[in-house]
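Note sheet for the following structure.
Please treat every number below as a calculation from the coordinates, not as lab data. This one's a predicted model, so the numbers in the text were calculated from it and none came from an experiment. Glycine gets a Cβ as well: all are built from the backbone with ideal geometry, and neighbour counts include every protein chain shown.
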Amino acid sequence: MRLVFFQRKPRAHGNYSLELIFSELRERLPRDLDIEVAKSPYESNGLLPRLLNCLRARKQQGDVNHITGDVHYLSLALKKTKTILTIHDCVTVDRLNGFSRWLYVLLFFKLAARQAQVITVVSEATKNAVLSLVDKQADEVVVIHNALTKGYRYTEKVFSVDKPRLLHIGLAQNKNFGRLVQSIKGLNCHLRVIAKLGQKELALLEQYDIEYSCAYNISQNQMREEYENADIVCFVSTQEGFGMPIIEAQAIGRAVLTSNCSSMPEVAGDAAELVDPFNTGSIRAGLKKLINDHEHRHKLIERGQRNIKRFDPQKITDQYTALYRRVFENSKATE
C-alpha cells in the first residue's frame with residue numbers, strides 16, 4: 001500500500017505542531033506501508049496558490065491519501081475512495097464573517113468533506129463543530145485523539161510557592177492572553193510567554209505591572225525545558241480543537257489551568273483546574289487555588305499521570321493503521 005501524507009507548505013515562522021504530530025506517527029507505522037510525504041509547493045493564501053497546490057497533489061496521490069490538516073481543499077484534487085481528511089479545529093470559522101466566512105466554509109469544509117471518504121477529528125468537540133458545518137453523518141466522522149509528544153516524561157520540581165512561574169503558549173486570538181494578564185494582576189508570580197510579543201501585548205503587560213519574560217521560535221527540546229521550568233501551565237483558551245499543551249504539561253508533571261469549554265475538559269479529564277476563560281475572576285480564583293492548595297495541586301498532578309495514558313502513541317498509531325487498511329481494502333473493492 002502506498003500511503004501519501006499531504007501537508008501544507010512549511011512556514012518560515014510559525015507553529016509546526018501539525019507536522020510534528022504526523023512525523024512522529026509515521027515513525028511508528030508498520031514497515032510494510034510504503035510512506036511518502038507530499039508538501040504543498042505554495043502557501044495556502046489566495047485562489048491561484050491553492051489551485052496550483054491541487055494540481056501538484058493530483059499528481060502525487062497514492063493508494064491511500066491522508067490530508068493531515070490546514071489544506072483541506074486538496075481533497076478536491078484527489079480520488080474520494082482513497083482520501084482521508086483530518087480536521088484539527090474550526091477556530092478560523094469563528095474569526096470570519098460575511099462572504100469570507102461563507103467562502104472559507106465552502107472550500108475548507110463543505111466541498112472538502114464531500115470529496116473525502118473518511119474525516120478524522122482530534123476530539124469530540126471538534127467532531128460536533130465539523131458536523132454543524134458539513135453534510136456528513138456522525139459515523140462518517142471518526143475521533144482519533146492526538147498522541148502524546150515523544151520525549152515528554154515526568155520531571156520532579158519543587159513548586160515555587162513564593163513566586164510561581166506561569167507558562168503561557170501562543171498569542172492567537174483564541175489563546176486569551178489578555179484575560180490571563182488581567183487575572184494575574186497583583187499576584188506575586190512570573191509569566192513566561194512562548195510567543196513573540198508585539199506592542200499591544202507589551203503595553204498590556206506594562207499596564208497591569210506583570211513580571212514576565214518570553215521566548216519564541218524555539219526547538220522541541222527547548223519547549224520541553226520550558227514545561228520543566230514551569231510551576232503552572234496556563235492554557236485558558238476560548239476555543240481549541242485539542243490542546244496539546246494540556247497533556248504535555250501533565251506528562252512532565254505540572255499543574256494545569258485550563259478552560260471549561262470546547263475540547264479542553266475532554267482532553268484534561270479530571271486532571272486540571274477548569275475555569276471560565278471569559279471571566280477573569282474565574283481564572284484568578286483557579287490560579288490562586290493551584291498556588292495555595294498544595295494537596296489539590298498534588299492530586300491534579302497525580303491524575304495527570306493517569307490521564308495521559310489515554311493518548312498513548314502506540315494506541316493512536318494502531319487506530320490510524322486500521323483506518324488506512326480499511327480505506328485501502330474498500331477502495332480496491334470499488335475499482
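Which loop-located GluC sites (Glu not before Pro) does region 73-170 contain, where loop means any DSSP state but H, G, I, E or B and the Cβ has at most 12 other Cβ atoms within 10 Å?
Details: sites: Glu124, Glu140, Glu156; in loops: Glu156.
Those that pass, being in a loop and sparsely packed, are Glu156.
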- [ ] May I ask for the angle, rounded to the nearest 10°, between helix 313-334 and the longest principal axis of the chain, with both axes built from Cα atoms and the value confined to 0 to 90°?
- [x] 20
- [ ] Would you pull out the residues with amide H under 5 Å of Ile35's amide H, same chain only if 5 or more places away, H placed 1.01 Å from N?
- [x] Leu3
Open item on the list: List the pairs from Lys136/Lys288; Lys80/Lys196; Lys175/Lys315; Lys9/Lys299; Lys185/Lys315 whose alpha-carbon separation is above 32 Å, in the order I gave them.
Closed with: Lys136/Lys288; Lys80/Lys196; Lys9/Lys299; Lys185/Lys315
Task: At R0 = 51 Å, FRET efficiency that the Cβ-Cβ distance of Asn330 and Ser100 yields, to 0.05 - done: 0.90
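So how do Ser23, Ser259 line up by other beta-carbon neighbours within 10 Å, fewest first? Don't jump to the answer; show the numbers that get you there.
On the way: Ser23 15, Ser259 28.
Fewest-to-most ranking of Ser23, Ser259: Ser23, Ser259.
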Task: Binned Cα-Cα distance frequencies in region 291-333 - 5 Å width, integer % - done: 5, 18, 14, 12, 11, 9, 8, 7, 6, 4, 3, 2, 0
Task: Per DSSP, loop trypsin sites (Lys or Arg not before Pro) in region 64-132 with at most 11 further Cβ within 10 Å - done: none
